[in-house]
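*Asks:* My questions all concern the structure below.
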């Protein structure tokens with residue numbers, strides 16, 4: 001080895017074999033480079049070489065031994081040329097990686113403790129897992145809120161990760177509804193068959209895009225008024241245009257499949273049941289922007305979606321729909337999948353880039369923006385699956401027909417994740433402009449005692465609204481005007497029997513746990529906010545001074561945090577206080 | 001971390017607190033503030049390191065920007081209108097200092113004290129009626145006779161990591177590990193420095209703003225109440241170990257060298273040394 005300092009610990013045979021296998025499956029030769037080649041001269045050079053294989057290698061270690069051992073870190077450090085201190089810094093960042101020897105040798109049963117699972121009784125689930133001898137790890141939202149309480153099993157010793165509920169038959173609440181656009185193939189087409197996808201209109205959009213050419217695709221996407229569905233609602237056409245106008249450097253299309261916002265599960269269902277659509281629309285994005293490299297960064301807790309997407313990529317590649325001449329468009333495009341490892345922050349686009357590149361998932365300061373300095377510092381179009389899926393209709397129907405649904409300023413349809421106390425939790429698709437009340441009716445109305453107390457809009461990063469908001473039209477402009485947000489499409493209902501203090505304190509704890517720790521306002525602010533609420537819960541009231549302190553803390557988090565996590569960490573808490581859902585003035 | 005843009009000969013003009021300031025294109029807003037004679041608190045910024053903009057104490061209000069922006073890393077662009085002393089700016093700076101003081105020991109972060117006074121930061125107001133707040137509270141790591149690490153004073157400014165890594169030494173012995181409030185500067189698995197890649201250049205000590213990293217000599221003197229900066233003389237000399245020609249500032253107390261630094265604007269060292277010059 002050249003100039004890496006490694007301690008005496010060595011990887012076990014099974015650890016080394018697991019890492020080798022993970023790298024070989026990505027066409028990387030897991031052999032230490034000869035001494036003459038200086039692999040890791042400094043940041044950028046190391047980055048370009050092999051550093052981005054760190055996350056897959058750490059997954060392999062975790063699965064092989066149940067933790068990331070010192071010997072394992074040394075092996076990965078040597079093979080990838082990453083300093084062991086940095087590799088440890090990365091490993092210790094993620095919930096799904098343990099950096100201490102496990103006190104059990106079985107699989108780990110992750111039980112979600114966030115809002116939907118909290119009110120569905122996650123503690124009963126955890127107790128039953130423990131009673132059958134399973135090792136329980138209580139953690140954040142697993143993206144299965146429609147079937148709360150949620151469970152994800154992390155395998156060890158070569159056993160795969162799995163979600164027990166994936167074995168249950170899946171049915172879309174709106175199955176058979178002819179008005180469905182984004183969800184129309186779900187439960188209709190076979191998610192594991194390219195033929196079936198084709199038979200339901202698959203790859204017509206890519207073929208059409210190939211005929212139109214990149215410029216016309218960019219124009220159509222811009223004219224459609226499509227905006228990002230992850231919460232920020234940035235115009236997709238503007239983003240794609242900016243990447244298309246960059247030249248001279250490699251470019252990337254990244255599918256942000258790291259949905260981790262508590263209450264959100266839309267992209268999971270899309271990926272599990274319509275994976276080819278994600279692949280096809282990424283290819284269209286590559287064609288339009290001139291990017292040849294496609295990346296899917298998917299949260300580690302989504303094993304079925306990961307398998308389905310990999311199956312779709314393999315099938316598409318075999319059929320010539322990915323590769324040097326994707327679908328005969330003359331444009332080369334291929335896709336690789338990277339799994340996250342349990343970190344909400346990695347859904348933030350620049351944190352996602354750092355994570356994929358093998359660095360800690362800490363957000364970057366913006367500007368510069370991803371369109372010029374994205375993955376590997378190169379121009380990148382990053383979109384989530386829901387946003388991408390809209391492109392199919394934009395291309396095949398044209399922007400005018402696309403705009404016939406929704407409102408002038410919020411064209412199209414929206415996927416909404418209904419959970420909590422509703423009659424039929426699940427994924428719904430409605431045109432923008434549908435009112436909150438009509439949506440709740442569609443989902444079977446308020447469950448529990450039937451009396452609505454509040455609705456959490458947009459997830460933990462969103463805000464609560466009260467029963468007086470049932471007439472609120474669900475559009476970007478109306479929700480903004482009402483001081484709330486559609487966010488990532490979370491609509492979580494609470495009936496009057498729910499103790500909202502527990503829910504809100506847990507939301508504050510979520511941010512405390514998920515702050516990456518990089519910037520001071522969020523690292524410390526999220527802790528102090530949570531402490532203040534715990535104290536309030538214990539005393540049963542919040543003094544005016546403490547209420548003012550929450551606002552003061554919120555102000556610095558909004559104004560001075562690096563990224564959206566800090567900007568929104570106080571949003572739901574403050575809305576709950578404003579609505580009087582939790583203790584306010586002393587009695 | 002995003003590097004600072006290249007400074008070129010082209011000038012840009014920005015307005016700071018109503019006053020036009022001309023700086024070279026690629027300069028930061030912070031550099032423009034310095035040019036305009038406006039004092040700005042900084043913690044994670046240093047002239048010899050790439051800005052990481054993590055502490056957020058240097059934030060300013062930029063017209064057209066929804067959030068405040070870190071002046072240490074944001075390049076000045078022609079026509080920018082910046083405010084450095086608005087209620088929003090003062091509030092964020094005060095809260096950042098308060099947050100830090102509420103979680104770690106800032107008693108030796110002397111550069112911050114006058115800013116805490118200026119902004120009225122009160123780190124003690126977070127606990128209430130017997131309710132305690134989480135603090136970083138760890139025993140001092142003393143693993144050799146050269147320097148100590150006291151992470152209960154660490155503000156996670158990343159300076160030591162930068163100096164150990166890409167910005168100076170390229171040793172990469174330390175990195176940030178863990179997440180959130182539990183994040184710490186650490187070797188792999190927290191192994192001791194002698195078991196790590198550390199080469200004892202001491203460049204991490206040289207950039208630490210809070211006394212979390214300290215010469216063992218200074219630490220020992222402070223422990224017995226004998227650390228007296230006012231009685232110290234600083235003598236500049238050239239290191240005699242090799243032919244590079246590093247400037248050394250020898251800090252002498254009671255006729256004993258208690259600390260060695262190098263001027264951060266020195267053309268040879270940029271403030272960084274090796275074990276021979278630092279601990280000779």
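*Asks:* Mind checking whether some residue in the stretch A:368-386 is farther than 27 Å from residue A:519 by Cα and in contact with a strand residue (DSSP E or B) (Cβ under 7 Å, 6 or more places away or on another chain)?
*Replies:* yes
Every residue, every condition in (1) surrounded by fewer than 20 Cβ atoms within 10 Å (Cβ to Cβ); (2) farther than 30 Å from residue B:14 by Cα, yes or no:
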{"site": "B:95", "(1), (2)": "no, no"}
{"site": "B:148", "(1), (2)": "no, yes"}
{"site": "B:158", "(1), (2)": "no, no"}
{"site": "B:166", "(1), (2)": "yes, yes"}
{"site": "B:170", "(1), (2)": "yes, yes"}
{"site": "B:180", "(1), (2)": "no, yes"}
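*Asks:* Separate question: Please find, among B:21, B:59, the residue that is more than 12 Å from chain A (Cβ to nearest Cβ) and over 28 Å from residue B:262 (Cα atoms).
*Replies:* Exactly one residue qualifies, and that residue is B:21.
*Asks:* When you look at residue A:482, is it in contact (Cβ under 8 Å) with a residue 60 or more places away in the chain, more than 13 Å from chain B (Cβ to nearest Cβ) and touching a helix residue (DSSP H, G or I) at 6+ places or on another chain (Cβ under 9 Å), yes or no?
*Replies:* Considered against the rule, which asks whether it is in contact (Cβ under 8 Å) with a residue 60 or more places away in the chain, more than 13 Å from chain B (Cβ to nearest Cβ) and touching a helix residue (DSSP H, G or I) at 6+ places or on another chain (Cβ under 9 Å), residue A:482 comes out as no.
For (1) over 23 Å from residue A:259 (Cβ atoms); (2) outside the structural domain of residue A:253 (by TED's automatic domain parsing); (3) at pLDDT 95 or above; (4) not in a strand (DSSP E or B), each residue gets a yes or a no:
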| position | (1), (2), (3), (4) |
| --- | --- |
| A:287 | yes, no, yes, yes |
| A:296 | no, no, yes, no |
| A:313 | no, no, yes, yes |
| A:327 | yes, no, no, yes |
| A:330 | yes, no, no, yes |
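*Asks:* Looking at the stretch B:258-275, can you tell me whether even one residue there is at pLDDT 95 or above and farther than 22 Å from residue B:201 by Cβ?
*Replies:* No, there is no match, as no residue in the stretch B:258-275 is at pLDDT 95 or above and farther than 22 Å from residue B:201 by Cβ.
*Asks:* Given the stretch A:171-271, what helices (runs of 4 or more DSSP H) lie entirely inside it while holding 1 or more residues that are in contact with a strand residue (DSSP E or B) (Cβ under 9 Å, 6 or more places away or on another chain)?
*Replies:* Helices (runs of 4 or more DSSP H) meeting the threshold: A:214-224, A:236-244.
*Asks:* Can I ask one more? State whether the residues of the stretch B:162-176 include one that is assigned to a helix (DSSP H, G or I), free of Cβ contacts under 8 Å to residues at least 60 places away in the same chain and either under 30 Å from residue A:525 (Cβ atoms) or within 14 Å of another protein chain (Cβ to nearest Cβ) (or both).
*Replies:* Checking the stretch B:162-176: at least one residue is assigned to a helix (DSSP H, G or I), free of Cβ contacts under 8 Å to residues at least 60 places away in the same chain and either under 30 Å from residue A:525 (Cβ atoms) or within 14 Å of another protein chain (Cβ to nearest Cβ) (or both).
*Asks:* Looking for whichever is closer than 30 Å to residue A:509 by Cβ, crowded, with 20+ Cβ neighbours inside 10 Å and either touching a strand residue (DSSP E or B) at 6+ places or on another chain (Cβ under 9 Å) or not assigned by TED's automatic domain parsing to the domain that holds residue B:108 (or both) here; the options are B:197, B:175. Which one fits?
*Replies:* Matching residue, one of B:197, B:175: B:175.
*Asks:* Could you tell me which numbered condition residue A:341 fails, if it satisfies all but one of (1) in a loop (DSSP other than H, G, I, E, B); (2) in contact with a strand residue (DSSP E or B) (Cβ under 9 Å, 6 or more places away or on another chain); (3) within 14 Å of another protein chain (Cβ to nearest Cβ)?
*Replies:* Of the numbered conditions (1) in a loop (DSSP other than H, G, I, E, B); (2) in contact with a strand residue (DSSP E or B) (Cβ under 9 Å, 6 or more places away or on another chain); (3) within 14 Å of another protein chain (Cβ to nearest Cβ), the odd one out for residue A:341 is (2).
*Asks:* Look at residue B:125 and say whether it is modelled with pLDDT under 95, out of contact with any strand residue (DSSP E or B) (no Cβ under 7 Å at 6 or more places or on another chain) and within 14 Å of chain A (Cβ to nearest Cβ).
*Replies:* Yes.
*Asks:* In contact (Cβ under 8 Å) with a residue 60 or more places away in the chain and closer than 20 Å to residue A:517 by Cβ: is that true of residue B:158 in this structure?
*Replies:* Spelling it out, residue B:158 is indeed in contact (Cβ under 8 Å) with a residue 60 or more places away in the chain and closer than 20 Å to residue A:517 by Cβ.
*Asks:* Which one is nearest to residue B:174 (Cα to Cα), of the residues in the stretch A:86-101 that are under 19 Å from the mean Cα position of the chain (by Cα) and more than 9 Å from chain B (Cβ to nearest Cβ)?
*Replies:* Top of the filtered list is A:97.
*Asks:* When you look at residue A:537, is it in contact (Cβ under 8 Å) with a residue 24 or more places away in the chain, within 13 Å of chain B (Cβ to nearest Cβ), surrounded by fewer than 20 Cβ atoms within 10 Å (Cβ to Cβ) and in a helix (DSSP H, G or I), yes or no?
*Replies:* yes
*Asks:* Further question: Return only the number of the condition from (1) facing chain B (nearest Cβ under 10 Å); (2) at pLDDT 95 or above; (3) out of contact with any strand residue (DSSP E or B) (no Cβ under 6 Å at 6 or more places or on another chain) that residue A:560 does not satisfy.
*Replies:* The one condition residue A:560 does not meet is (3).
*Asks:* Scan the stretch B:220-254 for residues that are within 17 Å of residue B:268 (Cβ to Cβ) and exposed (fewer than 11 other Cβ atoms within 10 Å of the Cβ) and report the count.
*Replies:* 2
*Asks:* Also, quick follow-up: Filtering the stretch A:540-553 down to residues that are more than 10 Å from chain B (Cβ to nearest Cβ) and surrounded by 20 or more Cβ atoms within 10 Å (Cβ to Cβ), which residue is modelled with the highest pLDDT?
*Replies:* For the stretch A:540-553, the residue satisfying everything is A:550.
*Asks:* Return a yes/no flag: does the stretch A:370-381 have any residue that is assigned to a loop (DSSP other than H, G, I, E, B), away from chain B (no Cβ under 11 Å), under 13 Å from the mean Cα position of the chain (by Cα) and in contact (Cβ under 8 Å) with a residue 60 or more places away in the chain.
*Replies:* No, the conditions are met nowhere in the stretch A:370-381.
*Asks:* What number goes with the only condition from (1) modelled with pLDDT under 95; (2) over 24 Å from residue A:4 (Cα atoms) that residue A:79 does not pass?
*Replies:* Every listed condition holds for residue A:79 apart from (2).
*Asks:* Quick check: anything in the stretch B:73-87 within 13 Å of chain A (Cβ to nearest Cβ) and without any contact (Cβ under 8 Å) to a residue 40 or more places away in the chain?
*Replies:* yes
*Asks:* For residue B:100, state whether it is at pLDDT 95 or above, farther than 27 Å from residue B:272 by Cβ and facing another protein chain (nearest Cβ under 10 Å).
*Replies:* no
*Asks:* Among the residues of the stretch B:185-223, what is the count of those that are within 16 Å of the chain's Cα centre (by Cα) and within 14 Å of chain A (Cβ to nearest Cβ)?
*Replies:* Residues flagged as within 16 Å of the chain's Cα centre (by Cα) and within 14 Å of chain A (Cβ to nearest Cβ) within the stretch B:185-223 amount to 4.
*Asks:* Still on this model: Among B:111, B:144, which is more than 9 Å from chain A (Cβ to nearest Cβ), exposed (fewer than 15 other Cβ atoms within 10 Å of the Cβ) and closer than 24 Å to residue A:70 by Cβ?
*Replies:* Only one candidate passes the filter, namely B:144.
The values are calculated or read from the model by the stated rules, or taken from the named source; none is laboratory data. None of the values given here were measured: they were computed from a predicted structure. In this analysis, Cβ positions are derived from the backbone assuming ideal geometry, glycine residues included, and neighbour counts consider all displayed protein chains.
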